[in-house]
Amino acid sequence: MRPDLTLLRDLIEGSPGFGRGPAGAVPEALIREAEARVGPLPPSYRWWLAEYGHGRAGDADIATVGPGGTDDGMYDDMYESVTAGWRLDGDRLCFAVEPDCGDGYHFVLGRAGEAGEYPVVCRDGADGCEYPVAESFAGFLAVRAALSRGLRDGPVPAVARLWRSTPGVLLDNGVHIYGPHLIQERNETFEVPRYAPGWVLVGDDSGGDGLLMRRHGRDRVSVHRLGLGAVCADVAAEGDRVTDDLLGWLRAGAPLPD
């Protein structure tokens, strides 16, 4: 899914342990200078640079762009800069690193995906092994936010896949799938654990109906629509089955039954 940058801002501003560093927003001209050295940067990371410049996601320091303006390349070697020589290793570009020889997070530059985003892998700081983390920089932030809130990958597999690309979705028709910064609060507000144990509220239609999925069991793919004031234990019987493919439904514009 294409990252929703409005929801990404909400996630950053509302997540403990996320914040901007001492550097300010990076001008577009300097971002282009950096791209001339390391290649095109993914859109959601470019957005981060233009909005925040430098900061942290949990305990991972996110690279910025040096101030430029020199001919001797000194800012290319600045540790915090994404253009520092040690950050580019073949088709891996390290954009975030944990302190004290911790894990590093890398864009896979040779695999541009939807909307020009690069997949993110983690390189273990101890043994150098790699494993996939997210499908975009925005997804990396969403995954980090979910872990910091004790949500692990996500409440159900389809939502976990969504968060690896974007911290939620808000469509023109009002369908809103929550990111990790909202999902706990919304479930508590509508008392879903009390009235619909075994279900999770993953979103709403902005018109009073919730979108719910089973937490456990054989069917963890169906999305059901039910009034938020009528949440009950038997969501499947009382609500409307909307889709069995959350991501495909969202890509199609999330049409809702009348």
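Throughout, read-outs are computed from the coordinates displayed, never taken from laboratory work. Quick caveat, the model's predicted, so the values are computed rather than measured. Note that each Cβ is placed from the backbone with ideal geometry, even for glycine, and that neighbours are counted across all protein chains shown.
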The chain: relative contact order as a whole-number percent, Cα under 8 Å and 6+ apart
14 percent
After finding the eigenvalues of the alpha carbon gyration tensor for the chain, what semi-axes result from the square roots of 5 times each, listed largest first in whole Å?
38, 17, 16
With each pseudo-label sitting 7 Å past Cα toward Cβ, what's the Ala233-Glu35 distance in nm, one decimal?
5.6 nm
What dipole magnitude, in Debye to the nearest 20, does the chain give about its Cα centre under +1 on Lys/Arg Cβ and -1 on Asp/Glu Cβ?
560 debye
Rounded to the nearest Å, the spacing of the alpha-carbon centers of the stretch 196-258 and the stretch 115-135 is 32 Å
Fluctuation leader among Ala230, Ala50, Ala34 - the chain, Gaussian network, Cα springs under 10 angstrom
Ala230
hull vol. (C-alpha, convex hull) per residue for the stretch 5-147, Å³ -> 111 Å³
Can you give the helix-only mean residue ellipticity at 222 nm for the chain, where every DSSP H stretch with n ≥ 4 adds -39500 (n - 2.57) and the sum goes over all residues, rounded to the nearest 500 deg cm²/dmol?
-7000 deg cm²/dmol
Placing +1 on each Lys and Arg Cβ and -1 on each Asp and Glu Cβ in the chain, then taking the dipole about the Cα centre, the residue among Gly85, Ile183, Trp199 whose Cα reaches farthest towards the positive end is Trp199
With each label point set 7 Å from Cα along the Cα-Cβ vector, what nm distance links Ala252 and Gln184?
3.4 nm
Stick to Cα atoms and the Kirkwood definition of Rh, then tell me Rg/Rh for the stretch 170-251.
0.92
